[in-house]
Amino acid sequence: MTKTAFIAIVGRPNVGKSTLLNSILGEKVAIVSKKPQTTRNRIVGIYTEGEEQIVFFDTPGIHKPRTRLGDFMVKATSDALGGVEAAILVVEAKEEVGDIEAKVIERLKADKLPAILVINKIDTVQPQNIAKTIVAYSNAFDFDAVVPVCAKNAKGVDTVIEECRKFLYESVWMFPDDIVTDQPERQMAAEIIREKLLRTLDEEIPHGTAVSIEEWKEKKDLVSVRAEIYCEKASHKGIIIGKNGATIKKIGTYAREDIEKLLGTRVFLDLYVRVKENWRDSDFNISNLGYKKEEL
Ligand SMILES: Nc1nc2c(ncn2[C@@H]2O[C@H](COP(=O)(O)OP(=O)(O)OP(=O)(O)O)[C@@H](O)[C@H]2O)c(=O)[nH]1
Ligand SMILES: [Mg+2]
């Protein structure tokens, strides 16, 4: 008899939610960067082992939105909590429960949703800080389990999976057993390009960028991809392109290497940069750039 469970991974930006999902799956399905607000959409990650299938939702970090895109992101997280058996709240070791975490806990209580607390980045803190975090959070909510991990090195991640298995119930599976995400290859390619933008550019500019795949041609042993990078100002366009095109070339090379790994074939990647002022505040633009409400 097959079993399934749906679990949402939530928390403030940059705590390592996407890193945790990738570690659970042993494959990269969600992009990761040092900059907060990397994830913009709910991302499905499917863990199948024997008769069991756990469907994880990675979510955008919860923050105080300042743009329509921000509104969309926070709503995507809130919606993800709607249809799940349990939540994983990811935090970094802190002596007190933060404001964002307190809000999540309120929601868990209101929805009577069980949750696992994952304390991430334990490689960066002293054991006594982990102990204080456990005390603070255990006083705030009756977590089913508290698991300190280092998601980056997959330390403790097996225990997270073990805890998640407790939420499995008998049911048909939602997904075939050989897929790890429901994202189409084109969307993953666009995300890889966005990851390279986040990793290559400084501070504010990458938050104002979006990537759209304009052309995708599959030939015998080559996939030819044309993608457009949207940014908000002409000055940003100049920075993304760089002196003599050096920056865009670097972004393109890194992205092409990862897309080749994803597709298992050679890739020709052509990148264009376009200015679209204030796209983050236009419903039309954010939906056209792929930030649409999804149905599952
Ligand atoms: N030292 C350390 N860094 C980590 C660990 N896990 C994740 N990181 C780093 O933390 C940063 C944020 O990781 P993400 O997985 O993108 O975080 P996120 O919570 O998905 O962030 P948003 O999508 O912006 O909400 C990246 O630079 C990761 O490499 C860890 O266990 N230890
Ligand atoms: Mg993320």
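The values are calculated or read from the model by the stated rules, or taken from the named source; none is laboratory data. Predicted model only: the values in this text are computed from it and were never measured. Here the Cβ positions follow ideal geometry from the backbone for every residue, glycine too, while neighbour counts run over all protein chains shown. SASA here: full protein model, heavy atoms, side chains in, ligands and nucleic acids out. Shrake-Rupley method; radii C 1.70, N 1.55, O 1.52, S 1.80 Å.
Odds and ends about this structure:
- Our summary gives region 70-162 a relative contact order of 29 percent, counting only alpha carbon pairs under 8 angstrom and 6 or more residues apart.
- Taking all Cα pairs closer than 8 Å and separated by 6 or more residues, the relative contact order of the chain comes to 19 percent.
- Estimated FRET transfer efficiency (Arg165, Val275; beta-carbon r; R0 35 Å; 0.05): 0.10
- Largest accessible area first, the listed residues Met188, Met1 line up as Met1, Met188 when surface is computed with a 1.4 Å probe on the assembled protein chains.
- Of the residues Glu163, Glu214, Glu191, the one that moves most in a GNM of the chain with alpha-carbon contacts below 10 Å is Glu214.
- The alpha carbons of region 185-288 give a radius of gyration and a Dmax of 13.5, 41 Å, in that order.
- Under 5 Å from the amide H of Val267 lie the amide H atoms of Val223, each residue being 5 or more positions distant or on a separate chain, with H modelled from the backbone and absent for Pro and chain starts.
- Sequentially through region 127-144, phi angles give Karplus couplings (6.51, -1.76, 1.60; θ = phi - 60°) of x, 5, 5, 5, 4, 5, 5, 4, 5, 4, 6, 5, 6, 8, 7, 8, 5, 5 Hz, Gly and Pro residues having no value and appearing as x.
- R0 of 30 Å, Cβ-Cβ distance Ala154-Ser224: FRET efficiency to nearest 0.05: 0.30
- Descending semi-axes in Å of region 96-156, equivalent ellipsoid built from Cα gyration tensor: 21, 13, 10
- Spatially proximal lysines relative to Lys103 (Cα-Cα < 18 Å; intrachain offsets below 8 disregarded): Lys17, Lys64, Lys75, Lys94, Lys112
- Per residue Cα convex hull volume in Å³ - calculated over region 32-127: 139
- FRET efficiency, 1/(1 + (r/R0)^6) with R0 30 Å, evaluated for Thr124 and Lys103 via beta carbons: 0.75
- Kirkwood's formula applied to the C-alpha pairs of the chain gives a hydrodynamic radius of 20.1 angstrom.
- Looking at the chain, the DSSP beta bridges with both ends there are about 35 percent antiparallel.
- Residue-span extension gain [Leu263 to Met174] - 0.36 nm each, minus C-alpha spacing: 29.6 nm
- Under the criterion of Cα pairs below 8 Å and six or more residues apart, the relative contact order for region 145-296 equals 20 percent.
- Relative to the longest principal axis of the Cα atoms of the chain, the long axis of helix 185-200 makes an angle of roughly 90 degrees.
- For region 3-170: rounded, prolate or oblate by the Cα gyration tensor [a/c cutoff 1.5]: rounded
- Working note: 222 nm ellipticity from helices only, DSSP H runs with n ≥ 4, each -39,500 (n - 2.57), summed and divided by the residues of the chain, gives -11000 deg cm²/dmol to the nearest 500.
- Listed residues Pro176, Pro60, Pro148, most fluctuating in the chain (Gaussian network, C-alpha, under 10 Å): Pro176
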